[in-house]
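J.: Here it is, the structure, as structure tokens.
The values are calculated or read from the model by the stated rules, or taken from the named source; none is laboratory data. Only a predicted model underlies this, so the values are computations on that prediction, with no experimental measurement involved. For neighbour counting, all protein chains shown are included, and Cβ atoms are generated from backbone atoms with ideal geometry for every residue, glycine included. For the accessible areas, the whole protein counts, side chains as well, though only heavy atoms, and no ligand, DNA or RNA atoms are used. Shrake-Rupley method; radii C 1.70, N 1.55, O 1.52, S 1.80 Å.
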Amino acid sequence: MLCKDELITITDGTVTYGRTESAAIEGVSLTFSRGEFVCVLGKTGAGKSTLIRTLNGLEPLSKGTVSYQNQSYDRLDDEGLRRIRRNMGMIFQQHQLIPRLSVLQNVYTGLFGYHSTFQNVLGLFSKEEKLKAQEVLEQVELLPFQNQRADQLSGGQKQRVGIARALVQSPYVFLGDEPVASLDPGTADRIFLLIKQIHEEQKLLTIVNVHSVKLALRYATRIVALKDGRVVFDDVPEKFTEEIENDLYER
Ligand SMILES: Nc1ncnc2c1ncn2[C@@H]1O[C@H](COP(=O)(O)OP(=O)(O)OP(=O)(O)O)[C@@H](O)[C@H]1O
Ligand SMILES: [Mg+2]
């Protein structure tokens, strides 16, 4: 039976790319619920990005199942998957903004899942959508920059636009693939704090990959650690000991 707070479940998830022998993730079974702030840790190549991509349906599983509110992805067509993805705001490492567009226009791109390509090309957004885009820019304290070109912003500001773009679709889930990897430690911490504040205000499910154990310990309510594609730790940060950390990073 589905508990009402359970959102994403992956069961025995395995991804093998192309003709490679070893799996990028293997036998991964995890259930993620509303309100959890999950940090996924692991060495480079451990399978963190692969896991995030399977959770939002960008990477099909070679074996196992993944579902959102009990809807299994493998039974959905492209439109069905798109509908599921609308619930998930993605925050990328390189923020993937369109440099020549304004901050506001970049936030609009977060609404593309809701529009036809025709509307997207013509930039047909309603008054309500403009207000919503401005509201999320206010939340990330970038409203005064709404008409500025994205390539004129600092790295931290760009990442905040990335968060606003994820937020504009009113998601239930925040997924981040190393959202602060290209930022200095102080800015990284402030961005994490912002993500956490939004997470708490909107009672989201947040799942982020991160290389900084310090950030994970500070902000996560749950840590999932991957080693060679397998889950080797899944518990509260308090239980993530130095010994476990050293073993994970093979120090
Ligand atoms: N598109 C792909 N084609 C083939 N192999 C891939 C592909 N993407 C990832 N892999 C392999 O799958 C494994 C897991 O990669 P993944 O990118 O998920 O790791 P990661 O934990 O995100 O690493 P990093 O910390 O460097 O981002 C690695 O061995 C990687 O080489
Ligand atoms: Mg990665």
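J.: If contacts are Cα pairs under 8 angstrom and at least 6 residues apart, what is the relative contact order of the range 106-251 in percent?
T.: So the answer I get is 18 percent.
J.: Let me ask you something else. Could you state the angle between the C-alpha long axis of helix 185-201 and the longest principal axis of the C-alpha atoms of the chain, as a value from 0 to 90 degrees rounded to the nearest 10?
T.: With rounding to tens, the tilt is 80 degrees.
J.: Springs between alpha-carbon pairs under 10 angstrom, Gaussian network model over the chain: which of Glu200, Glu135, Glu79 fluctuates most?
T.: Greatest mean-square fluctuation among the candidates belongs to Glu79.
J.: Tell me, what are the semi-axes, in whole angstrom and largest first, of the equivalent ellipsoid of the range 114-251 as set by the roots of 5 times the Cα gyration tensor eigenvalues?
T.: Equivalent ellipsoid of the range 114-251: 33, 16, 14 Å, largest first.
J.: Separate question: What is the helix-to-structure angle for 155-167, meaning the angle in degrees between its Cα long axis and the longest Cα principal axis of the chain, kept from 0 to 90 and rounded to the nearest 10?
T.: Its long axis makes an angle of about 90 degrees.
J.: Ignoring any ligand, DNA or RNA, what whole percent of the accessible area of the chain comes from carbon and sulfur when the probe is 1.4 angstrom?
T.: C and S atoms contribute 48 percent here.
J.: Something else about it: Could you work out how far the C-alpha centroid of the range 10-36 sits from that of the range 204-244, in angstrom?
T.: Measuring centre to centre over Cα atoms gives 16 Å.
J.: Moving on to the next point. How large is the convex hull of the Cα atoms of the chain per residue, expressed in Å³ as a whole number? Please list the in-between numbers first.
T.: Details: hull volume 34.9 nm³, N = 251.
Here the figure is 139 Å³ per residue.
J.: Now, a different point. Using the heavy atoms of the protein chains alone and a 1.4 angstrom probe, what is the accessible area of the chain per residue in square angstrom?
T.: Numbers: 12670 Å² over 251 residues.
Roughly 50 Å² per residue, with all protein chains present.
J.: Provide the per-residue ³J(HN,Hα) series for the range 30-38, in order, calculated from phi with Karplus coefficients 6.51, -1.76, 1.60 and θ = phi - 60°, each as a whole number of Hz, with x at glycine and proline positions.
T.: 8, 10, 10, 10, 4, x, 7, 10, 9
J.: With a sphere of radius 12 Å drawn around the Cβ of Arg149, what net charge do the other residues whose Cβ falls strictly inside it have (Lys, Arg +1; Asp, Glu -1)?
T.: It works out to a net charge of +1.
J.: How many nm separate the modelled label positions at Glu128 and Thr44, each set 7 Å beyond the Cα in the direction of the Cβ?
T.: Modelled inter-label distance: 4.7 nm.
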